[in-house]
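Written out below as structure tokens is the structure these notes cover.
The values are calculated or read from the model by the stated rules, or taken from the named source; none is laboratory data. Treat the numbers as computed from the prediction; the structure is a model and nothing was measured. All Cβ positions, glycine included, derive from the backbone under ideal geometry; neighbour counts span all protein chains shown. For the accessible areas, the whole protein counts, side chains as well, though only heavy atoms, and no ligand, DNA or RNA atoms are used. Shrake-Rupley method; radii C 1.70, N 1.55, O 1.52, S 1.80 Å.
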Amino acid sequence: KAAAAQPRRREGADGDDSLYPIAVLIDELRNEDVQLRLNSIKKLSTIALALGVERTRTELLPFLTDTIYDEDEVLLALAEQLGNFTMLVGGPEYVHCLLPPLESLATVEETVVRDKAVESLRKISQEHSPVDLEVHFEPLVKRLASGDWFTSRTSACGLFSVCYPRVSSTVKAEIRQHFRTLCSDDTPMVRRAAASKLGEFAKVLELDYVKTDIISLFTALASDEQDSVRLLAVEACVSIATLLPQEDLETLVMPTLRQAAEDKSWRVRYMVADKFSELQKAVGPEITKNDLVPAFQNLLKDCEAEVRAAAANKVKEFCENLPEDNREQIIMTHILPCVKELVSDTNQHVKSALASVIMGLSTILGKDNTIEHLLPLFLAQLKDECPEVRLNIISNLDCVNEVIGIRQLSQSLLPAIVELAEDAKWRVRLAIIEYMPLLAGQLGVEFFDEKLNTLCMAWLIDHVYAIREAATCNLMKLVEKFGAEWAQNTIVPKVLGMANDPNYLHRMTTLFCINALSEACGQEITTKQMLPVVLKMSNDQVANVRFNVAKSLQKIGPVLDSNALQTEVKPVLEKLASDTDMDVKYFAQEAISVLALA
């Protein structure tokens, strides 16, 4: 090979070795170490640049096409690289040179590699001229579509829609025929791939063909013997329904959709529930009223918990999109009775899904209905034994607050909050802390001080660090909401009191709180109340506390005036800078340089 005769490296001014000739690449791709092979594939674009467009086309691509047998991760990297190679082979007029290696990658056994090859093929199909599409790209799609192995036939499914719009009508007819054939392929994997691309293919077809070809394929796939194929047909249903004029929906789409909503496989019903809002928008208000409302009721009462949970998730969205003239009547007579049953469902995922959206109904139904019908449900959910249900209700309180004000709920709200705040699972405690500032804003300062303040302080001495950290951050947000004066009266004394706690972790929490609060509280409170405590703690027995004193001084330094910095902070930092512990020294010196006290 001519390449092998070249020196191994072009010594640039800086000994740059990124420009390998092809011989070195060949050595690396034959290396036993997968990581090396992977790295050299990732450097392909650099290699192609070094070779120039001509040699990339005549040497590099044939070499890659011939040597495709490797670990999946190497092939995956190669399939991805080739999608960005257009300019490296000489631009759009030569882009068809990239098809042979990608074609063989599109037929390998590993799905991830095939999908990436198809993605790259779709990308470079846009760069083919219409003539090149017909001469080079379309034959490739045909070869894949009639391949012996199911792997190549599944890959073909993803390529029809990208070449269809830009080819002549005879070629279009061939493409449609190939797609039809794959929809009734013997292998379920191929039918699944075809079903997953049905909606996308329908979007590029002329309307007449959607009615003649696509609908028959859709009907066939939706009654396939494999539920994995049927559920993908449900997904396509959304795209197909959007393309058809209203008057054709009833005859062409609805019979199949009704059948899917009552399918014997829960996975298919789950898919219908999951796509319900999109289906509702696609079929329009009339069909929604006559067909989808009863279907939705059935899904909410389904015997499988997964289906009920998926439907429960859509309750708010479905109700919002109902036609306004009789929205309230439909919700009250058809939807609400089902929702009431779900509140006491046996499955916690169902209850949790419902709790995350049910509050949204209050804005749709208005004040009186909310108080009469929804409030009892919210209160029941606040007492639910599953913490997630209670949490979802609390996290969505703002919707109810807008409609009926939070006072109506406050009596039941408190016990629920307290229980969550003391839950054995720390993640539950963490989640409720995150809603505290929001709750505080809605409940007002008096209510907060009376009922919730002690909770917020208790979290500061929780045994899980993540909780203590979140509690510190929570205090800062509360001070931003309620102001510095409130902080000075209620929060600061309690925080500073912890500085004398026998547990050094709690003493450190004092420092963390001071870091968080100093800016919100302003110069006066920081200098007069917080600074003395921090300085006193510089004599702590525990090194961890001492180096956190140095970090705190660095943090609150910018809030203090220069007098306090020079007379009070500087001597303490200098003392810490000659501490026996290395970490204390390090942080003290860092603080001195950041605050420019040297």
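All of I371, I364 fail the test of being at pLDDT below 80, open to solvent by less than 50 Å² (accessible area, probe 1.4 Å) and in a helix (DSSP H, G or I), apart from I364.
Residue pairs whose Cβ atoms lie under 6 Å apart, sitting 6 or more positions apart in sequence or on different chains, and linking a residue in region 106-128 that is within 11 Å of G83 (Cβ to Cβ) to a partner that is part of a helix (DSSP H, G or I) and among the charged types (D, E, K, R), are K116/E80.
Exactly one residue among S152, S161 is in contact with a Phe, Trp or Tyr (Cβ under 8 Å, 6 or more places away or on another chain) and either under 17 Å from R192 (Cβ atoms) or not small (G, A, S) (or both), and that residue is S161. Which residue is farthest from the chain's Cα centre (by Cα), if the candidates are limited to region 544-565 and must be open to solvent by less than 20 Å² (accessible area, probe 1.4 Å) and aliphatic (A, V, I, L, M)? Checked region 544-565; the qualifying residue farthest from the chain's Cα centre (by Cα) is A564. Restricting attention to region 564-598, the residues that are modelled with pLDDT of 85 or more, farther than 22 Å from Q541 by Cβ and small (G, A, S) total 1.
Note on region 104-146: residues that are of a type in the set (V, I, T) and open to solvent by 40 Å² or more (accessible area, probe 1.4 Å) amount to 5. Considering only region 566-583, I want to know if a residue exists there that is under 30 Å from F482 (Cβ atoms) and either open to solvent by less than 30 Å² (accessible area, probe 1.4 Å) or in contact with a strand residue (DSSP E or B) (Cβ under 6 Å, 6 or more places away or on another chain) (or both). The answer is yes; a qualifying residue exists.
Note on region 238-293: among residues that are of a type in the set (F, W, Y) and open to solvent by 10 Å² or more (accessible area, probe 1.4 Å), the one that is nearest to F318 (Cα to Cα) is Y270. Out of everything in region 183-194 that is more than 25 Å from the chain's Cα centre (by Cα) and small (G, A, S), what residue ends up being farthest from C237 (Cα to Cα)? The selected residue is S184. For V113, the criteria (1) at pLDDT below 80; (2) outside any loop (DSSP other than H, G, I, E, B) hold in every case but one, which is (1). Is it the case that S169 is more than 25 Å from V229 (Cα to Cα), open to solvent by 10 Å² or more (accessible area, probe 1.4 Å) and free of Cβ contacts under 8 Å to residues at least 12 places away in the same chain? Considered against the rule, which asks whether it is more than 25 Å from V229 (Cα to Cα), open to solvent by 10 Å² or more (accessible area, probe 1.4 Å) and free of Cβ contacts under 8 Å to residues at least 12 places away in the same chain, S169 comes out as yes. The set of residues in region 462-508 that are β-branched (V, I, T) and under 33 Å from the mean Cα position of the chain (by Cα) comprises V464, I467, T472, V479.
Checked across region 148-165, the condition of being at pLDDT 75 or above, of a type in the set (A, V, I, L, M, F, W, C), exposed (fewer than 15 other Cβ atoms within 10 Å of the Cβ) and part of a helix (DSSP H, G or I) holds for no residue.
For the residues T219, T212, the requirement of being of a type in the set (S, T, N, Q), part of a helix (DSSP H, G or I), over 21 Å from A310 (Cα atoms) and touching a helix residue (DSSP H, G or I) at 6+ places or on another chain (Cβ under 7 Å) singles out T219. Every test in (1) surrounded by 15 or more Cβ atoms within 10 Å (Cβ to Cβ); (2) out of contact with any His (no Cβ under 9 Å at 6 or more places or on another chain); (3) not charged (D, E, K, R) is passed by L99 save one, and that test is (2).
Selection of region 57-102 for residues being charged (D, E, K, R) and under 19 Å from S129 (Cβ atoms) yields R57, E93. Of all residues in region 326-349, those satisfying the criterion of being without any contact (Cβ under 8 Å) to a residue 40 or more places away in the chain, assigned to a helix (DSSP H, G or I) and open to solvent by 70 Å² or more (accessible area, probe 1.4 Å) are Q329, T333, K340. Applying a threshold of 7 Å to beta carbon distances and a minimum spacing of six or more residues, or different chains, the list of pairs starting in region 86-102 at a residue that is farther than 16 Å from L49 by Cβ and ending at one that is hydroxyl-bearing (S, T, Y) and open to solvent by 30 Å² or more (accessible area, probe 1.4 Å) reads P92/S129; P100/T65; P101/T65. Restricting attention to region 506-543, the residues being farther than 17 Å from P558 by Cα, buried (at least 20 other Cβ atoms within 10 Å of the Cβ) and touching a Lys or Arg at 6+ places or on another chain (Cβ under 8 Å) number 3.
Screening R176 against (1) at pLDDT 80 or above; (2) of a type outside the set (D, E); (3) open to solvent by 40 Å² or more (accessible area, probe 1.4 Å); (4) more than 35 Å from the chain's Cα centre (by Cα) leaves a single unmet condition, (3).
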